[in-house]
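Working notes, structure below.
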């Protein structure tokens, strides 16, 4: 008797196996399986087998964090690794509040938890609230609340009465928009005994005992977070009749990021005449952690065992603590150009805004202290942007398109913008020259070729009125066209203008001489007059530029706009540019140039090249500034 093949998963193959199996039976030796009702039964059997195989495959996938797709399954597996996904986050701002016309002799003022402030972002009004009570004593007669943290959203609360005889009782935060970092869990003894105890979130289980007043947090099946308590062995257990009070901020996630002006709604200790000054704009509002982020970070945290030992441990922890980060990189201070031992440096690029506020940095560092090992100190720095300036000339065949030059130019600009967004703007994103020029060629079928050159630019903010030295690190080799001999026209360094103390009438610039020296000069017409031929040094092989002490009085406007920085631009040695440590590469679309030209070359003509401007592939030829 022929055995039934059961390894097939495809519907048609399953049906064929069933027919072959039945045809070998004596009862069906001359049966027509296609021209009878048996064909319908075989279809049903094949479909049923196919469905069961598909479901078994999906079930197997959902058992492993790498292949799981359903969020509740990913969360459940991550829980087994000791990882809790982050909830939505409320935008956080810091403000100073000065209360005016306070009655003389008042010894202190109290600002209640839940005090409301309002703001407007993009025409929409949002509410910010305090998440703790703040008591202030006046200084020199001024009643000022300093550096008060306010969270976007509404302060909400929900109570449960514990019933230890109910094994299915859950303490769920009712809103999926609750920011769990704002959660306060308070246990009241009973409805008749109003004594309360504030429980803290458990972070380390080694120190917990049966009397530890802690709670645990986990994401539930529907995306809402659930609070759990100890069992009397690890953590103090609840008793029947205890009242569980949950208080938290329900937020609008990232919508209010960037809010900068706030006004008090209501009063503070009966006073409504206040002056509100913004210390740091609102930032940090974000959605809950994505499935992909959970799948990536949960195994990393498990391997770290809730410790921050390696740089990757710090990166994982920062993403957990600050989900508004779009990219994080960490490195040892000993790897810097000027080594600093005993520090781990962390650069964070937020999803919204260009940098983190001081308050946010301090909050993250404070949270990291629990996980630090030995005497290592974390330091959070801003992402260091290296701008890339492109000059792109596109040649196209006019007979193959109905598009105008301007439309092709616009489409090429869009291609460059999309590449910038998709492939750059993160710490580990390398600029791949060949990939970009290929994408430019593929923008339209009529494009024959493109000639693209790349330059690098960094900004530094001078200290006005103080003699200061500056170090700028491109961390990519700089092209040196002069091969070690001096050039009166300068090398590959170009800067924007500035003035120095004691000479307010002269605008100075910097260049290099091709031999490793930075020079300071002024312009008389188009002629450079050098005031200092040893204003600094440049190391072409590493891209390090050191500027000797300058007492800068002011900086010149850049491209007609007011500026507080000095731009320094140069040409890279290689077409591919890699970010190092805290660097982020970003194509400056606004200051890049795209031009489109009709290709007039006719192949095979005896006058080949007449009317056709040939352009070689990209080479690092220094521009004369």
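No lab work stands behind these numbers, since they all come straight from the coordinates. Note that the structure is a prediction, hence the values are computed from the model and not measured. Note that we place each Cβ from the backbone using ideal geometry, even for glycine, and neighbour counts take in every protein chain shown.
Here are a few things to note about the model shown:
- In the stretch 383-625, the ratio of gyration radius to Kirkwood radius, Rg to Rh, stands at 1.02 when only Cα atoms are counted.
- Fewest-first sequence of 472, 464 by Cβ atoms within 10 Å of each Cβ: 464, 472
- Overall form of the stretch 155-250 per C-alpha gyration tensor (a/c, 1.5; a/b vs b/c): rounded
- The P(r) of the stretch 307-381 has a tail past 14 Å containing 57 percent of all C-alpha pairs.
- Nearest-0.05 FRET efficiency for residue 120 and residue 157, computed from C-beta distance (R0 35 Å): 0.85
- Here the alpha carbons of the stretch 92-180 define both size measures, Rg and Dmax, at 18.4, 58 Å.
- Between the stretch 555-583 and the stretch 266-295, the alpha-carbon centres lie 33 Å apart.
- Relative contact order (percent, whole number), the chain, Cα cutoff 8 Å, 6+ residue spacing: 12
- Among 26, 146, sorting on how many other beta-carbon atoms sit within 10 Å of each Cβ, with the fewest leading, yields 26, 146.
- Between the stretch 204-239 and the stretch 444-472, the alpha-carbon center distance in angstrom: 53
- Over the stretch 11-61, relative contact order from alpha-carbon pairs under 8 Å, at least 6 apart, %: 48
- Over the C-alpha trace of the chain, radius of gyration and Dmax come out as 33.1, 111 angstrom.
- The stretch 369-413 and the stretch 62-128: distance between their alpha carbon centers, rounded to Å: 32
- Neighbour-count ranking [beta-carbon atoms within 10 angstrom, fewest first] of 379, 62: 379, 62
- √(5λ) per eigenvalue of the Cα gyration tensor, the stretch 11-61, largest first, Å: 26, 11, 7
- Relative contact order of the stretch 155-250, defined on C-alpha pairs under 8 angstrom at six or more residues apart (%): 45
- Length added when fully stretched, residue 551-residue 146, from 0.36 nm per residue minus Cα-Cα: 142.3 nm
- Model label sites at residue 12 and residue 532, defined 7 Å from Cα along the beta-carbon direction, differ in position by 7.9 nm.
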